[in-house]
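Colleague: Below is one structure. I have some questions about it.
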Amino acid sequence: MANSGSAKSTSSSGGGGGGFNSQQRRRLVFMCDMCKSKMQLVADLLLLSSDNRPVHSDSLSTASGQSFDKSRDAVIARTKGLSILTHDVQSQLNMGKYAEVGDSLGEMCELVVALVESSAHAAYLAAAEAPGSQAAVAGLVDRYRLSRARHEVEQSCGLLRTAPVCELSPPLLLELSRSLSRGLRGLTDACVLAADSSRDRFSREQFKLSVKCMSSSATALLACVRELKARPCEAARARCVLFGGPLLQAVHALVGFATEPQFLGEAATVSAEGRAVQTAVLGGAMSVVSACVLLTQCLRDIALHTDSSKVPDYRQRLHNSALAVSDGCNLLSQALRDRTSPRTLPPLNCHAVN
């Protein structure tokens with residue numbers, strides 16, 4: 001949901017004379033929460049997991065996904081784009097263009113996700129190519145894709161449950177419906193493919209039944225969302241919460257079944273040499289994510305607090321976070337070029353910045 005297209009559809013242009021009104025603050029807080037959640041999820045799934053598998057994602061082109069060198073080049077190109085976006089965020093904030101800050105933050109989040117996916121895939125390729133390593137064996141489903149799709153559904157249902165009715169504007173509800181549909185489509189496509197590929201009769205039928213159950217619940221929820229858009233009130237929102245529960249249960253059951261070990265194939269066996277390269281690259285990527293999460297949290301604090309006496313402190317924190325992003329990008333690029341860690345890696349729990 002936190003992409004630049006959706007952000008621009010819900011914002012007014014510019015900050016117009018520095019008027020940081022309540023609506024702009026709420027929107028920026030919303031963007032910060034969505035972006036922080038997405039970046040941390042992807043880091044958890046790809047950087048902190050010991051599951052050594054290739055990454056399958058729309059952000060990875062066929063060419064860049066086939067060799068370490070091409071994946072490395074894709075990551076380094078994205079680090080340069082990330083540096084530009086962090087500079088844009090600071091400049092827009094200094095000029096009072098708070099709506100544009102939200103737009104740039106959405107773009108930054110999508111770029112960080114793509115960068116992490118490319119980095120994790122490059123790390124896998126380097127580790128799998130090392131002497132003594134064995135490549136992963138593909139299964140019927142891809143756990144990462146399923147987890148991302150489930151997160152989109154959970155995030156949308158969570159927003160319907162927690163956001164005040166006055167903030168659930170028609171543009172936001174439209175984007176929420178699109179996000180729900182996107183997540184449901186990802187889950188459906190994965191299960192249909194698994195059903196077609198499975199040789200076990202029970203598994204084939206269970207994949208199909210799981211999709212049917214999820215689809216029925218989703219149809220009921222989306223009807224409630226349309227009613228909330230047409231007649232916004234607490235009663236209409238309560239129906240969304242009511243029908244969101246069965247959908248979440250159906251999604252959790254589907255993902256739980258689809259990610260049973262027999263459907264996931266086999267993870268790669270990585271040698272000590274391969275592990276060293278992989279750890280260096282993943283550590284560099286973790287440095288970037290951690291810095292971006294800190295930057296996002298700083299923007300959220302700025303959006304929530306209007307005390308002018310604290311503005312210099314917040315701006316300094318933002319500047320320091322941007323420097324940390326740049327430092328992390330340099331660390332990641334060097335790790336990819338040298339296939340080793342340029343310095344001591346951050347601890348594995350360094351993403352937990354709340």
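The values are calculated or read from the model by the stated rules, or taken from the named source; none is laboratory data. Here the structure is a predicted model, which means the values were calculated and not measured. When we count neighbours, we look across all protein chains shown, and the Cβ atoms used for this are built from the backbone with ideal geometry, even at glycine. Remember, those area values only see protein heavy atoms, side chains included, never the ligands or the DNA or RNA. Shrake-Rupley method; radii C 1.70, N 1.55, O 1.52, S 1.80 Å.
Colleague: Tell me the residue from 145, 161 that is within 22 Å of residue 48 (Cβ to Cβ) and either outside any helix (DSSP H, G or I) or modelled with pLDDT under 95 (or both), please.
Modeller: Numbers: 161 fails: within 22 Å of residue 48 (Cβ to Cβ).
Only one candidate passes the filter, namely 145.
Colleague: Next question. Taking the stretch 239-277 as the region of interest, how many residues are more than 27 Å from the chain's Cα centre (by Cα) and modelled with pLDDT of 95 or more?
Modeller: Number satisfying all stated conditions: 1.
Colleague: Of the residues that make up the stretch 132-142, is at least one within 30 Å of residue 339 (Cβ to Cβ), surrounded by 23 or more Cβ atoms within 10 Å (Cβ to Cβ) and either modelled with pLDDT of 90 or more or in contact with a helix residue (DSSP H, G or I) (Cβ under 9 Å, 6 or more places away or on another chain) (or both)?
Modeller: yes
Colleague: Are there any pairs, at least 6 apart or on different chains, whose C-beta atoms fall under 8 Å, with the first in the stretch 320-332 and open to solvent by less than 40 Å² (accessible area, probe 1.4 Å) and the second outside any helix (DSSP H, G or I), and if so, which?
Modeller: Final answer for the pair search is 331/342; 331/343.
Colleague: Scan the stretch 165-177 and tell me whether some residue there is open to solvent by less than 10 Å² (accessible area, probe 1.4 Å) and either part of a helix (DSSP H, G or I) or closer than 20 Å to residue 40 by Cα (or both).
Modeller: Yes; the residues of the stretch 165-177 include at least one that is open to solvent by less than 10 Å² (accessible area, probe 1.4 Å) and either part of a helix (DSSP H, G or I) or closer than 20 Å to residue 40 by Cα (or both).
Colleague: Could I ask something else about it? Taking residue 25, is it open to solvent by 40 Å² or more (accessible area, probe 1.4 Å) and part of a loop (DSSP other than H, G, I, E, B)?
Modeller: It is false that residue 25 is open to solvent by 40 Å² or more (accessible area, probe 1.4 Å) and part of a loop (DSSP other than H, G, I, E, B).
Colleague: Could you identify the single residue in 129, 117, 100 that is among the charged types (D, E, K, R), open to solvent by less than 30 Å² (accessible area, probe 1.4 Å) and touching a residue at least 12 places away in the same chain (Cβ under 8 Å)?
Modeller: It is 117.
Colleague: Could you please give the count of residues in the stretch 211-225 that are surrounded by fewer than 18 Cβ atoms within 10 Å (Cβ to Cβ) and either part of a loop (DSSP other than H, G, I, E, B) or free of Cβ contacts under 8 Å to residues at least 40 places away in the same chain (or both)?
Modeller: 6
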